[in-house]
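These notes concern the structure reproduced below.
Just so it is clear, none of the values below were taken in a lab; they were calculated from the coordinates. This one's a predicted model, so the numbers in the text were calculated from it and none came from an experiment. Positions of Cβ are generated from backbone atoms using ideal geometry, with glycine treated the same way; all protein chains shown enter the neighbour counts.
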Amino acid sequence: MADIIRLEPIDVPDPGEEAPGPGGPDHPMRKVTRQVAFEEGGWSGERSAKVAALFDGLSEIWHQNISDERHAPLLDALARGNPGRGPVVELGCGLCDSTPLLERHIGPVVAVDLSMGMLQRATPDVARVRGDAGELPLPSNCAGSVVMINALLFPEEVDRILAPGGTVVWVNTVGESTPIHLPAEDVARALPGDWSGVWSTAGHGLWGVFRRSAESVTG
Ligand SMILES: C[S@@+](CC[C@H](N)C(=O)[O-])C[C@H]1O[C@@H](n2cnc3c(N)ncnc32)[C@H](O)[C@@H]1O
């Protein structure tokens with residue numbers, strides 16, 4: 001049973017505009033998000049190719065989503081979620097606008113994305129790899145933290161690459177309006193085994209930081 005504690009919400013003085021168009025429960029990407037997290041067969045080669053093509057197209061305009069305000073939930077997660085220090089794997093990194101923050105606060109980052117268009121337009125000087133988070137080209141136990149910012153959760157792969165004692169960092173920059181959104185309890189529930197964690201909101205965003213519970217660590 002997951003032990004997830006909610007911390008007080010944080011107000012952000014100028015949180016900026018919410019993303020246009022709510023990514024509510026009926027948003028197609030929300031449905032994909034839940035299927036990938038909870039359903040066997042929720043991801044396939046065909047779906048992977050479609051999602052890669054979608055984000056290749058969006059990569060040309062994705063910079064319009066980037067702002068300092070959208071970092072508020074990540075900064076709060078780093079401050080109050082205490083993810084620790086160690087090598088980071090950032091999944092679904094997009095343009096890597098958050099990656100320098102992760103490097104500063106947690107440790108060196110390998111940033112992974114399915115979309116070559118995103119990676120080609122990403123912040124320079126970031127170690128980035130084209131890969132499918134559903135079948136990562138990374139060894140088991142390699143990550144001190146696995147970070148997902150508006151990114152799909154592939155529970156088995158996240159669990160596989162996370163080192164013992166490591167943390168999972170989950171951020172939705174516009175909270176429930178984020179198309180790729182899961183509530184914190186659902187993130188912990190989707191991950192194999194028992195997890196504990198904290199979550200909160202900062203401005204428009206939502207975050208959670210999770211660890212395997214001691215009794216579910218098998219070594
Ligand atoms: C909503 S965007 C978020 C990008 C970035 N994290 C941000 O917040 O701006 C989702 C990203 O996940 C990537 N993505 C989707 N499916 C993926 C998968 N299976 N493996 C790795 N990346 C994936 C997309 O290409 C896209 O860049």
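The shape of the stretch 1-132 comes out rounded: with a ≥ b ≥ c from the C-alpha gyration tensor, a/c is under 1.5. Compared with the direct C-alpha span, the chain from Leu101 to Phe38 gains 19.7 nm at full extension, assuming 0.36 nm per residue. Taking 0.36 nm per residue of separation and subtracting the Cα-Cα distance, full extension of the segment from Ser213 to Arg80 would add 46.0 nm.
Across the stretch 186-194, rounded Karplus estimates of 3J(HN,Hα) from the backbone phi angles (6.51 cos²θ - 1.76 cosθ + 1.60, θ = phi - 60°) give 6, 4, 5, 5, 6, 5, x, x, 9 Hz, Gly and Pro being marked x. The calculated 222 nm mean residue ellipticity attributable to helices in the chain amounts to -8000 deg cm²/dmol, summing -39500 (n - 2.57) over DSSP H runs of n ≥ 4 and dividing by all residues.
Test of understanding: given the chain, find the longest segment containing no GluC sites (Glu not before Pro) that are in a DSSP loop and have at most 12 other Cβ atoms within 10 Å. In the chain, the maximal stretch lacking such sites is 61-219.
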